[in-house]
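Inspection log for the structure reproduced underneath, given as structure tokens.
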Amino acid sequence: MPEGPELHLASRFVNDACRGLVFGGCVEKSPVSRNPEVPFESSAYCISSSARGKELRLTLSPLPGAQPPREPLALVFRFGMSGSFQLAPSEALPAHAHLRFYTAPPGPRLALCFVDIRRFGHWDIGGEWQPGRGPCVLLEYEQFRENVLRNLADKVFDKPICEALLDQRFFNGIGNYLRAEILYRLKIPPFEKAREVLEALQQHRPSPELTLSQKIRAKLQNPDLLELCHSVPKEVVQLGGKGYGPESGEEDFAAFRAWLQCYGMPGMSSLQDGRGRTIWFQGDPGPLAPKGGKSRKKKSKGAQQGPEHGSEDPLLPSTAPSRTRGAQRGLSEQTTAWQPEGTSLSQDPEVPLVPKKGRRRGRPTTSGGQQAFLSTVLWGEEGHHQMGCAGGRGGGVGGESSACGLSCHLTCPPPRPPQTPKDQS
């Protein structure tokens, strides 16, 4: 799932890719998207972007003399589990491009596309950040810190610190891999009570005898949890590139993977938190660890002996080629793509793992005709998922969880076909 750094890198990509381009015409929405239509048309406009926490704002600004005369329009995007922006030739649009902004002639016609394979992403018209989200951990550090320490009486801080860190009312921009890296650096067990961890920061005051440079040096050498909530995402942004989730052979993803110290790394353990999301850690999980929860330890590649150890692989995006790779072949330097997450739909770190079940006895086989029918019902004639999801879309403010019962195209089994009288006998 894209986190704060990925939204900021996406915003940077949009600004770089659209610099100097003039867009024109209507904004085109995919017919399968349930997001709102974008009522905007202009003969000539430019696109700019900004990000805050886990949201991105796109602003469409008509150029002087553009027809019809109108005011700028802003859209706010939340990427869900697989949102991204790509710039592609209009005749080679990427799959799952649910919102498209086309360039105006002359010159090759390009399209800035909001691509969302799993369709949990959402956009709102009007440009207002989602109410209830706290200050951005990257851009509004002082306000973020004050907001957390002022509200420690909130019931979310009764929960384990690993769960509280995903509450976007207080930690806007923190997600699954960031919480693991932050807690690991401080050696804080993930299932310590959040309030007990954070209350100590209220009494933490540097000695008044220290000079300003000494105070700064002390902070850099011994950062606390809230300071790391600011500096660790900043490190990812400074890596540049596309951030979390590669396409095949991307050098910037190699840098990101080398940067990771805990998330999915060999020797680290993992547990499911109270919302079914995987938390990676080292050592004791803490007193609020789920009862009966079985910790899984990531083995090194040399220790893995076969497919039976597959469940212990890190929940990291693979380096398999993206489905949209073909759409990007032949692009010039300006038609690049930013994608925060790989297109392998079974690797999202915040989707609860599906428990393995024993083999059913006497399960009726499915004929070829039944399989074709079920495939059409589930995926449609063009391969798009047609069924709803219990997790809803857009994500909630109090913790960015999207628990999808149909977690991905690769793991959703077809429903059991209705039994015939012969089967029932």
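One table, with the values for the structure above:
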item	result
Per principal axis, descending, Cα span of the stretch 87-179 in whole Å	58, 24, 21
Within the stretch 4-125: Cβ-based charge dipole about Cα centre, in debye rounded to nearest 20 (Lys, Arg +1; Asp, Glu -1)	240 debye
All-pairs Cα distance distribution in the stretch 4-125, expressed in whole percent, bin size 10 Å	14, 48, 34, 4
Radius 12 Å from Cβ of Val27, net charge of other residues (Lys, Arg +1; Asp, Glu -1)	-1
Links that overshoot a 30 Å alpha carbon limit, given the list Lys54/Lys291; Lys54/Lys193; Lys193/Lys234; Lys234/Lys297; Lys193/Lys297; Lys29/Lys155	Lys54/Lys291; Lys29/Lys155
Where a label projected 7 Å from the Cα of Ala44 along Cα→Cβ would reach, residues of the stretch 5-31 with amide N under 12 Å	22-24
Rounded FRET efficiency, nearest 0.05, which uses the C-beta distance separating Ala74 from Leu186 and R0 of 45 Å	0.75
Additional length obtainable on full extension of the chain from Cys26 to Ile125, 0.36 nm per residue less Cα span	34.1 nm
Selection from His122, Ile47, Gly107 lying farthest towards where the dipole of the stretch 4-125 points positive, charges on Cβ	His122
Per-peptide average of other Cβ atoms within 10 Å, ordering 167-175, 18-26 highest first	167-175, 18-26
Length gained when the stretch Leu239-Arg169 is fully extended (0.36 nm per residue, less Cα-Cα span)	22.5 nm
Approximate spin-label separation Lys294-Arg275, in nm, with each point projected 7 Å along Cα-to-Cβ	2.6 nm
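Just so you know, all these numbers are worked out from the coordinates, no wet-lab data involved. Here the structure is a predicted model, which is why all the values come from computation and not from measurement. Neighbour counts are summed over all protein chains in view; Cβ atoms, including those assigned to glycine, are modelled from backbone coordinates with ideal geometry.
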